[in-house]
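Visitor: I'd like to ask some things about the structure below.
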Protein chains: 2
Amino acid sequence: MSDLHPGLASLHLLVGDWRGTGRGEYPTIAPFDYREEVSFSNPPGKPFLAYRQMTWSAVDDRPLHVESGYLRPGERGSWEWVMAQPSGFVEIYAGHLTGRTLMLETTTLARTPTAKKVTHLRRVLTLGEADLVYEVEMEALDHPLQRHLTAQLQRVVKY
Amino acid sequence: MSDLHPGLASLHLLVGDWRGTGRGEYPTIAPFDYREEVSFSNPPGKPFLAYRQMTWSAVDDRPLHVESGYLRPGERGSWEWVMAQPSGFVEIYAGHLTGRTLMLETTTLARTPTAKKVTHLRRVLTLGEADLVYEVEMEALDHPLQRHLTAQLQRVVKY
């Protein structure tokens, strides 16, 4: 971890590769379970973390979702997260790390003309040495902000 | 290419890994030359292309830029491109493929509070069997839309 950009030191627990399982739910869909791989990496010398995520169905292993973006220091100790989703969204999040809890909410959520009407997202990540737990709350299709995804990931240890 | 999602057939020339060189310029910076790697891939069964890009200085090989996003079919034969950049931008592009020229312009360009004032981008990609040429025009820092990046990439043939 000694090569981590100094501006990212407070998020050092987040850096790495993660695998685990999660559950999705929303009033408009049947609940579903998924398998997930997540990576937060720091390109050498750069003041940001590159984020990549993939999920697969826990039932039949078909690919479900991918997303990617960048997490970067913002003003006055805040964190900014920019993200693109193949479902036709781009998101800008702002938030703070409090203890081991990183909470971010969308300040911008823009959609292509063919994307579903998602209007607000909140992400809460709980950082640990060996575990990464996250929850995503979503306001969409005129439903109020509520739990959409929860997952428990384990650090992939490299030998 | 037989596994390409049918909705992406008209962009089949774009799919693959690309390497080459480019040049950057703008009124606010000294011109610079770069080395680049680009990937457009179609996750199995998914109606979009995942896009990843990395550049390095042609002078000293230090990492310069990365960006990532997703290109997807839009309404009435159009194409939509959603993208996130670690410099603190998210972009939604809309455009069309005409012959072998894919031209897209930002319909949304949103910035985090700490990002530079980039206000409009236009990307023109010229597709070929063996070559991919692109140009990026940028409106930023109160300068009108003008050439920012040009690059010539060659298809990475896999054995």
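The values are calculated or read from the model by the stated rules, or taken from the named source; none is laboratory data. Worth saying up front: this structure is predicted, and the values here are computed from it rather than measured. FYI the Cβ positions are ideal-geometry reconstructions off the backbone, even for glycines, and counts take in every protein chain you see. To get the accessible areas, we keep the full protein, side chains included, count just its heavy atoms, and leave off ligands, DNA and RNA. Shrake-Rupley method; radii C 1.70, N 1.55, O 1.52, S 1.80 Å.
Visitor: Looking at the range A:13-33 only, could you name the residues that are out of contact with any His (no Cβ under 8 Å at 6 or more places or on another chain) and over 22 Å from B:Ala84 (Cα atoms)?
Guide: Passing the criteria: A:Leu13, A:Arg19, A:Gly20, A:Thr21, A:Gly22, A:Arg23, A:Ile29, A:Ala30, A:Pro31, A:Phe32, A:Asp33.
Visitor: Still on this structure: Facing chain B (nearest Cβ under 10 Å) and hydroxyl-bearing (Ser, Thr, Tyr) - does that describe any residue in the range A:4-17?
Guide: no
Visitor: Let me ask something else. Here is a list: B:Val90, B:Val66. Which entry is within 15 Å of B:Glu37 (Cα to Cα), among the aliphatic types (A, V, I, L, M) and surrounded by 17 or more Cβ atoms within 10 Å (Cβ to Cβ)?
Guide: After applying the criteria, what remains is B:Val66.
Visitor: With respect to the numbered conditions (1) more than 13 Å from the chain's Cα centre (by Cα); (2) open to solvent by 50 Å² or more (accessible area, probe 1.4 Å); (3) under 27 Å from A:Lys117 (Cβ atoms), which one is the sole condition not fulfilled by A:Arg52?
Guide: (1)
Visitor: Note down all Cβ pairs under 6 Å where the first residue falls in the range B:30-47 and is within 10 Å of chain A (Cβ to nearest Cβ) and open to solvent by 60 Å² or more (accessible area, probe 1.4 Å), the second is at pLDDT 95 or above and assigned to a strand (DSSP E or B), and they're at least six residues apart or on different chains.
Guide: Filtered contacts from the range B:30-47: no entries.
Visitor: Of all residues in the range A:48-60, which are facing chain B (nearest Cβ under 8 Å) and part of a loop (DSSP other than H, G, I, E, B)?
Guide: A:Phe48
Visitor: Just to be sure, is A:Leu11 out of contact with any strand residue (DSSP E or B) (no Cβ under 8 Å at 6 or more places or on another chain), surrounded by 13 or more Cβ atoms within 10 Å (Cβ to Cβ) and not in a strand (DSSP E or B)?
Guide: The answer is no for A:Leu11.
Visitor: Of everything in the range A:87-136, what is of a type in the set (Lys, Arg) and under 19 Å from A:His12 (Cα atoms)? Give them in sequence order.
Guide: A:Arg100, A:Arg123
Visitor: Here's something else I'd like to know. Going through the range B:99-123 one residue at a time, which ones are under 16 Å from the mean Cα position of the chain (by Cα), open to solvent by less than 90 Å² (accessible area, probe 1.4 Å) and within 11 Å of chain A (Cβ to nearest Cβ)?
Guide: Scanning the range B:99-123 gives B:Thr106, B:Thr108, B:Leu109.
Visitor: Here's a follow-up. What's the number of the condition B:Gly7 fails, among (1) more than 24 Å from A:Phe48 (Cβ to Cβ); (2) touching a Gly at 6+ places or on another chain (Cβ under 8 Å)?
Guide: Checking B:Gly7 against (1) more than 24 Å from A:Phe48 (Cβ to Cβ); (2) touching a Gly at 6+ places or on another chain (Cβ under 8 Å), the one that fails is (2).
Visitor: Yes or no: B:Pro73 modelled with pLDDT under 95 and open to solvent by less than 70 Å² (accessible area, probe 1.4 Å)?
Guide: When the stated conditions are applied, B:Pro73 does not pass them.
Visitor: Give me a count of the residues in the range B:72-98 that are more than 24 Å from A:Leu49 (Cβ to Cβ) and either touching a strand residue (DSSP E or B) at 6+ places or on another chain (Cβ under 9 Å) or facing chain A (nearest Cβ under 9 Å) (or both).
Guide: Counting residues in the range B:72-98 that are more than 24 Å from A:Leu49 (Cβ to Cβ) and either touching a strand residue (DSSP E or B) at 6+ places or on another chain (Cβ under 9 Å) or facing chain A (nearest Cβ under 9 Å) (or both) gives 13.
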